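Take a look at the structure set out below.
The values are calculated or read from the model by the stated rules, or taken from the named source; none is laboratory data. None of these values were measured; they are calculated from a predicted model. Cβ placement follows ideal geometry from the backbone for every residue including glycine, while neighbour counts extend to all protein chains displayed.
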């Protein structure tokens, strides 16, 4: 649906910030009614927030499909015996959420899906002719965090895109790994973010090598060392207090950052433990070489807000905005209402996504909500503008307000 009347929108903006909210994204996403906190670390995505989520999802999907990834969906309930094959039933950190069914069988809620995908692959991949292969899903994950914090930045239930790739050789894996890294940088750029790919600790996912995609931000919980000379970066968890850049001997600067994505060279860690093998050209059986690549969608949404905001509210980049245009009707005068309705419908015919503020509220309240919600373009119809045959147009990220003839308005927009 490309348009919506604000009088009917399931959203109630708030006058004050949520008590206890520390990060900018947590404050504004709650205040603007994009999300609702049900409990510590789990949130409902309300219509405004879900529209942003879907925009981000589609950006990610486009790039994953461009890599040749095939989308699938895996269960959240994962049998204990599968986790035990890799030893992660006991060792994974954060620990699993565990449940029992009425037959007393145990399951772990999926925090990640290496075991499930490796089980699928070992049933289906038999020959080098079946490889390489890349599959991905965009699905909910559960992490039993000790402390949920920062709104969508550290949660217990979240949506994640996880891709898994399968190869016959290390060189083939690394070629694909580099392609994924570039695709990730494109995804973040489309979301209005500049991130650094830094070497990282692989944690309980494991593997030979991993890179985190770090958004440099003061509110970030991670600390990274960045070289201003050659661009080298590394998470301090991996190296401790490294003094000089190992690549160019330049000075390293310690920065706070938000982890926005992670890529892992898993090697044969899971295929060896779970006996996922293929036959090479000589008929010899070898373990499949694997990579995995994740992006948390809610965290990415929060990261966008951490970067794109001012003292009045969010400033969504157009690629992730819930609507392209926010149309404000500043009077209940019949002529103003009629003209606003006409503009609303004409924009709809053009395929422009519009939120139409038709509420019986003061101009001040409408402007405050528009700034808070952060839709890229604001259009205002009032008795004053209508007397000139015009309407106001203003970009959310600019101070300049422009008067535009109503009959020329549609020329300013493309779908």
Given (1) farther than 16 Å from residue 191 by Cβ; (2) modelled with pLDDT under 95; (3) within 14 Å of the chain's Cα centre (by Cα), number of the condition residue 259 does not satisfy: (1)
Every residue from segment 252-288 that is out of contact with any strand residue (DSSP E or B) (no Cβ under 7 Å at 6 or more places or on another chain), on the phi < 0 side of the Ramachandran plot and surrounded by fewer than 15 Cβ atoms within 10 Å (Cβ to Cβ): 281, 282, 284
Name the residue that is nearest to the chain's Cα centre (by Cα), counting only residues in segment 60-81 that are in a helix (DSSP H, G or I) and surrounded by fewer than 18 Cβ atoms within 10 Å (Cβ to Cβ). 61
Going residue by residue through segment 234-242, is there one that turns out to be in contact with a strand residue (DSSP E or B) (Cβ under 7 Å, 6 or more places away or on another chain) and assigned to a strand (DSSP E or B)? yes
If the requirement is being buried (at least 17 other Cβ atoms within 10 Å of the Cβ), over 27 Å from the mean Cα position of the chain (by Cα) and at negative phi, which of these qualifies: 328, 355? 328
So which residues in segment 248-275 are part of a loop (DSSP other than H, G, I, E, B) and within 21 Å of residue 216 (Cα to Cα), if there are any at all? 250
Scanning for something under 29 Å from residue 172 (Cα atoms) and out of contact with any strand residue (DSSP E or B) (no Cβ under 8 Å at 6 or more places or on another chain), does segment 95-109 turn up at least one residue? no
Just wondering, is there one or more residues in segment 174-182 that are part of a loop (DSSP other than H, G, I, E, B) and out of contact with any strand residue (DSSP E or B) (no Cβ under 7 Å at 6 or more places or on another chain)? no
Of 210, 202, 165, the only residue that is assigned to a loop (DSSP other than H, G, I, E, B) and under 30 Å from residue 285 (Cβ atoms) is 202
Residue satisfying condition, being without any contact (Cβ under 8 Å) to a residue 40 or more places away in the chain, in the same structural domain as residue 205 (by TED's automatic domain parsing) and surrounded by 13 or more Cβ atoms within 10 Å (Cβ to Cβ), within set 46, 18, 29: 46
Could you please find all residues in segment 160-189 being more than 17 Å from residue 69 (Cβ to Cβ), touching a residue at least 12 places away in the same chain (Cβ under 8 Å) and under 20 Å from the mean Cα position of the chain (by Cα)? 188
Taking the stated definitions as given, is residue 103 in a helix (DSSP H, G or I) and over 24 Å from residue 135 (Cβ atoms)? no
Output the qualifying pairs, or none if there are none: Cβ atoms under 6 angstrom, residues six or more apart or on different chains, first residue in segment 65-91 and on the phi > 0 side of the Ramachandran plot, second residue part of a strand (DSSP E or B) and surrounded by 12 or more Cβ atoms within 10 Å (Cβ to Cβ). 68/134
Only one of these is out of contact with any helix residue (DSSP H, G or I) (no Cβ under 6 Å at 6 or more places or on another chain) and farther than 30 Å from residue 19 by Cβ: 124, 143. Name it. 124
Find the residue count for segment 143-164, including only residues that are under 29 Å from residue 176 (Cβ atoms) and out of contact with any strand residue (DSSP E or B) (no Cβ under 8 Å at 6 or more places or on another chain). 0
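Here's the yes/no breakdown for (1) over 30 Å from residue 175 (Cβ atoms); (2) in contact with a helix residue (DSSP H, G or I) (Cβ under 6 Å, 6 or more places away or on another chain):
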site	(1), (2)
18	yes, yes
28	yes, yes
48	yes, no
61	no, no
72	no, no
81	yes, no
84	yes, no
90	yes, no
What number of residues within segment 6-37 satisfy the criterion of being in contact with a strand residue (DSSP E or B) (Cβ under 6 Å, 6 or more places away or on another chain) and not in a loop (DSSP other than H, G, I, E, B)? 6
Note: among 209, 297, just one is crowded, with 18+ Cβ neighbours inside 10 Å and either modelled with pLDDT of 90 or more or within 24 Å of residue 154 (Cα to Cα) (or both), namely 297
